[in-house]
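Readers should treat all values here as calculations from the given coordinates under stated rules, not as data from a laboratory. Computed from a predicted model, the values in this text were never measured in an experiment. Methodologically, a virtual Cβ is constructed for each residue, glycine included, from the backbone with ideal geometry; neighbour enumeration extends over all protein chains shown.
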Ligand code: URA
């Protein structure tokens, strides 16, 4: 679905591989065919502010919310619409409304909730699922502690949100669980990714579109994205 809005001449976003000028890695379509980097200037500007070590918790939260609105605008670009008849104060007319597949937003706890809040403002009728995963700090392997999904997830376009695609472990585990629950059409939305994470997710789930705002250089020995923005959960909730 998302790929269908990447037609040539689309001005708001480009496939990754184009020079960002930010010191972050450039990748070609051939390298990461399922990855899209949103290059919208507002998103790029806000990402820079997010990265800054001196950005306060309140400001960080506000920026994530604003970015989720902009990202939501992009990923919903190709949703189908149909004309219905309505009456304005002056006359009858046919006017488009969303139709067909409905959305399900799935937040990977806990940092996913920052992105979820903004998306829900944009799409208030969306159903919401939660996957609770924490990363074992020693092994970096995700451990599931919570799962709650809408019963009709198979009929919905599922947008999974987690700000950081680092090792890819959480994303792979979460998407595997969603598929087990019946989800068929899934987009993974994050603020920052690294090649290791994209590779891991793309090899485990080659059918999943990955949408991000930045593709950073690498993963460090502690599983942090470099240059990155630190721990997204801690920065969102002020827990460090
Ligand atoms: N999760 C984060 O919050 N930050 C990273 O850099 C990597 C994973």
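What to note about this one:
- Percent of beta bridges antiparallel (DSSP, the chain, rounded to nearest 5): 40 percent
- In the chain, the calculated helix contribution to ellipticity at 222 nm averages -9000 deg cm²/dmol per residue, counting -39,500 (n - 2.57) for every DSSP H run with n ≥ 4.
- Gained length - residue 121 relative to residue 57, 0.36 nm times residue gap less alpha-carbon distance: 21.0 nm
- Each of 136, 231 was scored by other Cβ atoms within 10 Å of its Cβ. Listed from fewest to most, they are 136, 231.
- Relative contact order for the chain: 20 percent, from Cα pairs under 8 Å spaced at least 6 residues apart, divided by residue count.
- Degrees between helix 195-204 axis and first principal axis of the chain (Cα, 0 to 90, nearest 10): 60 degrees
- Angle of helix 57-75 to the longest C-alpha principal axis of the chain, folded into 0 to 90 degrees and rounded to 10: 50°.
- Angle between the chain longest axis and helix 112-122 axis [Cα atoms, degrees, rounded to 10]: 20 degrees
- Once you reduce segment 71-113 and segment 173-240 to the center of their Cα atoms, the two points are 25 Å from each other.
- Highest-first arrangement of 79-92, 208-221, where packing means the average Cβ count within 10 Å: 208-221, 79-92
- When 113, 203 are arranged by Cβ crowding within 10 Å, least crowded first, meaning fewest neighbours, the order is 203, 113.
- Going by neighbour counts of Cβ atoms within 10 Å, the residues 224, 134, 146 line up, fewest first, as 146, 134, 224.
- Mean Cβ count within 10 Å, highest first, over the residues of peptides 155-165, 174-184, 99-109, 119-129: 155-165, 99-109, 174-184, 119-129
- Computed on the Cα trace of the chain, the radius of gyration divided by the Kirkwood hydrodynamic radius gives Rg/Rh = 0.98.
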